Amino acid sequence: MIAALVISYASSLRAWAEQRGRIADLRTEASQRSERVAELEKELGRWKDPAYVEAQARERFGWVMPGETGYVVVGGTGKSAAPPVAGGSTGATEQGPAQRAWWSSLWGSVEEADKPPRPTSTPKRPKPAATIDPESTPSPGQNR
């Protein structure tokens, strides 16, 4: 009787401990998510400021205001270190795969899809059927 009570209480205690651990995990997750929401709201507030939007356009896209002169710094490899300035030249004469327009990549995939598939290997020919020799085949009344 006492053993049954101990087992019953032990299983209840184990379930209670598991639930407490799960509650602690959920509280931690909720606090992390509320911190992330606060960060995103702060960033949203920055995007409402026209000066921030202008600074991001200059930094990310290399845009300049009318009347300004845009400069692009070219690294030692000859590739642009900044995004190209709108209406200007980056100094690079050939376009690599990362600088190609998206529609040229799309059209290349359309042309590739239009080609017939290339065989991966030569098709295997079936083996010819064995020749039947009338002398070696038993007649219907004969057993070998």
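The values are calculated or read from the model by the stated rules, or taken from the named source; none is laboratory data. Small disclaimer: the values here were computed from a predicted structure and weren't measured. All Cβ positions, glycine included, derive from the backbone under ideal geometry; neighbour counts span all protein chains shown. We work out accessible area using only protein heavy atoms, side chains counted, and drop any ligands, DNA or RNA first. Shrake-Rupley method; radii C 1.70, N 1.55, O 1.52, S 1.80 Å.
If you go through region 25-58 and keep only what is of a type in the set (A, V, I, L, M), under 28 Å from the mean Cα position of the chain (by Cα) and closer than 30 Å to THR69 by Cβ, you end up with just ALA57.
Taking the conditions (1) under 30 Å from VAL72 (Cβ atoms); (2) hydrophobic (A, V, I, L, M, F, W, C); (3) open to solvent by less than 60 Å² (accessible area, probe 1.4 Å) in turn, TRP47 satisfies each one other than (3). Listed by first and then second residue, the pairs with beta-carbon distance under 6 Å, at least 6 apart or on different chains, first residue in region 55-78 and under 28 Å from GLU43 (Cβ atoms), second at pLDDT 85 or above and in a loop (DSSP other than H, G, I, E, B), are ALA57/TRP63; GLY70/VAL64.
The sole residue among THR90, THR77 that is at pLDDT below 90, open to solvent by 100 Å² or more (accessible area, probe 1.4 Å) and closer than 30 Å to SER109 by Cβ is THR77. Per the listing SER12, SER34, SER8, the residue uniquely under 30 Å from ALA55 (Cα atoms) and part of a helix (DSSP H, G or I) is SER34. Evaluate region 66-73: report whether one residue or more is in contact with a Gly (Cβ under 9 Å, 6 or more places away or on another chain) and open to solvent by less than 90 Å² (accessible area, probe 1.4 Å). Scanning region 66-73, I find at least one residue that is in contact with a Gly (Cβ under 9 Å, 6 or more places away or on another chain) and open to solvent by less than 90 Å² (accessible area, probe 1.4 Å), so the answer is yes.
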